[in-house]
Every structure is written in C-alpha cells, then in structure tokens.
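The values are calculated or read from the model by the stated rules, or taken from the named source; none is laboratory data. Because the structure is a prediction, the values reported are computed rather than measured. Using ideal geometry, Cβ is built from the backbone for each residue, glycine included, and neighbour counts are taken over all protein chains shown.
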Amino acid sequence: MYLRKFTQDNFENEVLKAEKTVIVDFFATWCGPCKMQSPIMDEIAGSRNDLIVGKIDVDENRDLAIKYGVMSIPTIMVFKNGEAKNVFIGLTSKEDILEAV
C-alpha cells in the first residue's frame, strides 16, 4: 500500500466511510517532529494491506484539525468505523501505533 493524502474534500469517503482501519497523520510541512514521523508512516503503509494510512496537512485543512481537536503536531489518530479510537500526540513509534490497531 501507499501513503494517501487526505483533504477536506475526501476525508469523509476515505476515512470516515472506510471499511478498513485508517491511520491519519495530522502534520505540517514546517514541523520537525512531523518530518521524523513521516518515514514511520511510510513504513506502516508499505507493510500492512489491512490498513489505510495517510496524512493530512493541518495548514491546508484547518477545519478538520479544529474539528478533531488537533492542538499539537504530529497527531496520529486511528479511526475505526468512522470514529477516532486512539490518539497519539507527538512523535510516535511504529510499535505504539500498530499496537493501537
């Protein structure tokens, strides 16, 4: 699988209505810890076909960041059946993310 790009326009269909568990990385291009999180997300996306993994730029999609209470980045959310079930704030290990799945 590959890392998807989520936006205001596709969030409902790609994340909330997805049949698989979805891992969303709320990030910004200028954020140092987000840059460190990126290869971890790539690795998860490349190793698991049972998951959808993607990123959403908080600067381009402020309304979604506000809706989900994203105050710090990176924020990783694990969505199941349209609901955010787990939230990680700050740089998070592959193991911690996959454990929440």
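Provide a single number: the residues in segment 46-83 that are in contact (Cβ under 8 Å) with a residue 60 or more places away in the chain and of a type in the set (A, V, I, L, M, F, W, C). Spell out how you get there, then give the answer.
Of segment 46-83, the ones in contact (Cβ under 8 Å) with a residue 60 or more places away in the chain are 79, 82.
Those left that are additionally of a type in the set (A, V, I, L, M, F, W, C): 79.
Result for segment 46-83: 1.
When segment 86-101 is examined, which residues are found to be in contact (Cβ under 8 Å) with a residue 12 or more places away in the chain and either assigned to a helix (DSSP H, G or I) or surrounded by 13 or more Cβ atoms within 10 Å (Cβ to Cβ) (or both)?
Asn86, Val87, Phe88, Ile89, Leu91, Thr92, Lys94, Ile97, Leu98, Ala100, Val101
Considering only segment 48-83, how many residues are surrounded by 14 or more Cβ atoms within 10 Å (Cβ to Cβ) and at pLDDT below 95?
Start the filter on segment 48-83 by keeping residues that are surrounded by 14 or more Cβ atoms within 10 Å (Cβ to Cβ), which leaves 48, 51-58, 61, 64-65, 68, 70, 73-80.
Going one step further and asking which of them are at pLDDT below 95, we end up with 48.
Total satisfying the criteria: 1.
When segment 31-50 is examined, which residues are found to be among the polar types (S, T, N, Q) and closer than 15 Å to Phe88 by Cα?
First pass over segment 31-50, keeping only residues among the polar types (S, T, N, Q): 37-38, 47, 49.
Of everything in segment 31-50, those that are among the polar types (S, T, N, Q) and closer than 15 Å to Phe88 by Cα turn out to be Gln37, Ser38.
Conditions first: (1) in a helix (DSSP H, G or I); (2) touching a strand residue (DSSP E or B) at 6+ places or on another chain (Cβ under 9 Å); (3) aliphatic (A, V, I, L, M). Ile66 passes all but one, so which condition is the exception?
Ile66 satisfies every listed condition except (2).
Going through segment 9-47 one residue at a time, which ones are loosely packed, with under 13 Cβ neighbours inside 10 Å and either part of a loop (DSSP other than H, G, I, E, B) or small (Gly, Ala, Ser) (or both)?
Of everything in segment 9-47, those that are loosely packed, with under 13 Cβ neighbours inside 10 Å and either part of a loop (DSSP other than H, G, I, E, B) or small (Gly, Ala, Ser) (or both) turn out to be Asp9, Lys17, Glu19, Thr29, Trp30, Gly32, Gly46, Ser47.
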